[in-house]
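The values are calculated or read from the model by the stated rules, or taken from the named source; none is laboratory data. Treat the numbers as computed from the prediction; the structure is a model and nothing was measured. Positions of Cβ are generated from backbone atoms using ideal geometry, with glycine treated the same way; all protein chains shown enter the neighbour counts. Each accessible area value is taken on the protein alone, full model and side chains, heavy atoms only, with ligands, DNA and RNA left out. Shrake-Rupley method; radii C 1.70, N 1.55, O 1.52, S 1.80 Å.
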Amino acid sequence: MQVRRIALLGATGSIGSQAVEVIESNPELVLCALASGSQPIDELAARFGVEHIQIGGDLTRILEASEPDLVLNAVVGFAGVGATLWALEHGVALALANKESLVAAGELAVAAWKRGGGLVLPVDSEHSALFQCLEGRASETVESVVLTASGGPFRRHSLADLASVSVEDALAHPTWSMGPKITIDSATLANKGLELIEAHHLFDLEYERIDVVVHPTSVVHALVRFRDGATLAHLGYPDMRVPISFALTYPDRRGTPVPSLDFSAGLTLEFEPPDLERFPMLRLAREAGKRGGSLPCAFNAANEVAVAAFLQGRIGFLDVPRLVEDALGEVDGAPARDLDELIEVDEEARRLAAGRMAPA
Ligand code: NAD
Ligand code: MG
């Protein structure tokens with residue numbers, strides 16, 4: 001593998017720090033740029049001799065200046081959209097953890113990707129799994145794909161129980177240790193909704209061909225069903241260093257400290273359908289995705305506002321889907337023609353969701 005210069009955006013986060021670990025153990029991977037939202041990164045930059053650093057602001061600045069071979073977008077939320085579009089447009093390889101950018105930018109991102117023609121390597125574990133199961137297969141042989149969901153900490157909660165869960169309960173994810181926003185998204189199943197839309201764009205699949213199944217231990221990351229009745233699955237212990245390493249060292253698949261599956265103590269795999277009554281975010285995401293236009297952007301924006309308010313203790317758990325559904329009912333959903341229009345949609349949906357909350 002040749003030396004690969006990596007711009008790591010969101011360097012201080014959960015994905016960012018695991019990426020630093022992967023980069024440290026592969027001499028050909030070199031950090032050329034580091035960015036965060038507000039946390040200091042000068043120590044990290046000094047440790048790796050990184051010249052380009054940026055805290056907050058327009059991330060395309062640091063990308064222009066550092067000329068990376070690969071951008072790892074590990075920013076959380078809509079803030080990552082500019083960087084995703086930049087990498088896609090310029091044909092620079094994009095290791096994508098920031099699913100919100102692909103959900104929000106949707107058609108704009110796909111069009112930029114077509115023009116730029118670069119590699120997109122999903123970091124989201126389910127999409128990394130699908131990428132691997134789908135690689136080299138003719139699309140007409142694929143019947144459908146299946147995303148697995150852990151079901152989150154409230155898989156067995158009744159609607160009445162869900163109304164009173166605390167922030168601490170929601171932050172206690174059963175299988176993955178992640179940043180706070182995606183942890184709440186996993187508890188509401190909004191995360192799987194975002195991943196559904198992400199899969200639609202990444203693999204050019206109609207929504208009818210993307211299923212979701214609850215699989216509590218997160219050992220199976222995704223499955224692909226083929227037209228001959230065969231299904232391929234991707235298995236491994238839930239550890240994000242595996243998909244991060246896969247993306248950063250593609251196509252070399254370098255080693256990681258993560259062990260492969262051990263069957264000596266037995267291994268049982270359980271699956272069940274998701275419950276859309278108790279977890280309406282998955283239904284709302286599917287509807288927004290199918291209707292298209294700028295609805296997925298509005299879904300994402302309203303969800304970001306609702307999750308932030310839930311984390312601050314300002315609203316209850318079931319207010320999250322309520323705020324998002326209300327906001328989606330009020331936007332017109334017309335497609336955004338460029339990034340400026342997309343930012344307007346994002347801001348409008350944020351205003352609508354915030355406007356339905358009691359004042360802070
Ligand atoms: P996190 O909250 O731990 O970290 C977020 C990072 O983004 C931080 O470094 C923060 O400083 C940075 N950031 C925030 N706003 C920014 C801005 N305006 N400009 C630049 N940087 C900004 O989040 P995370 O769990 O690492 O998740 C990052 C992304 O990866 C999310 O989109 C998430 O959905 C996705 N993802 C995470 C995991 C996981 O295991 N954590 C798994 C799959 C996908
Ligand atoms: Mg995922």
### Query
Does the chain classify as rounded, prolate or oblate by the C-alpha gyration tensor (a ≥ b ≥ c root eigenvalues; a/c under 1.5 gives rounded; else a/b over b/c gives prolate, otherwise oblate)?
rounded
### Task
Give me the distance between the Cα centres of segment 254-277 and segment 120-160, rounded to whole Å.
13
### Query
What is the Å³ per residue value for the convex hull set by the Cα atoms of segment 231-306?
211
#### Entry: Cα shape, segment 131-263, gyration tensor, a/c 1.5 rule
oblate
### Task
In Å³ and rounded to a whole number, note down the convex hull volume per residue for the Cα atoms of segment 216-360.
210
### Task
Subtract the Cα-Cα distance of ASP340 and GLU277 from 0.36 nm times their separation in residues, and report this length gain in nm to one decimal.
19.1 nm
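Taking R0 as 30 Å, what's the FRET efficiency between LEU261 and LEU119 from their Cβ-Cβ distance, rounded to 0.05?
Values: r = 28 Å, r/R0 = 0.93.
So, using R0 = 30 Å, E works out to roughly 0.60.
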### Query
Which peptide among 299-307, 148-156 comes first, and what is the full order, when sorted by highest mean count of other Cβ atoms within 10 Å?
299-307, 148-156
#### Entry: FRET efficiency for ARG254 and GLN2, using Cβ-Cβ distance with R0 set to 22 Å, rounded to 0.05
0.95
## Note on the structure
If every Lys and Arg gets +1 and every Asp and Glu gets -1 at its Cβ, then about the Cα centre the chain yields a dipole, in debye to the nearest 20, of 360
### Query
Taking the Cβ-Cβ separation of ASP211 and GLU330 as r and a Förster radius of 22 Å, what is the calculated FRET efficiency to the nearest 0.05?
0.15
### Query
Looking at segment 287-360, which trypsin sites (Lys or Arg not before Pro) are in a loop (DSSP not H, G, I, E or B) and have at most 13 other Cβ atoms within 10 Å?
ARG337
#### Entry: Heavy-atom surface of the chain, accessible at 1.4 Å and reported per residue (Å²)
43
### Summary
Diffing segment 220-234: the Karplus 3J(HN,Hα) column from phi (6.51, -1.76, 1.60, θ = phi - 60°), in whole Hz with x for Gly and Pro, holds 8, 8, 5, 9, 10, 9, 9, 5, 8, x, 7, 10, 9, 10, 10
### 10 Å-binned pair-distance histogram of segment 1-158 (Cα, whole percent)
10, 37, 33, 15, 4, 0
### Amide proton proximity set for HIS173, modelled H, under 5 Å, gap of 5+
none
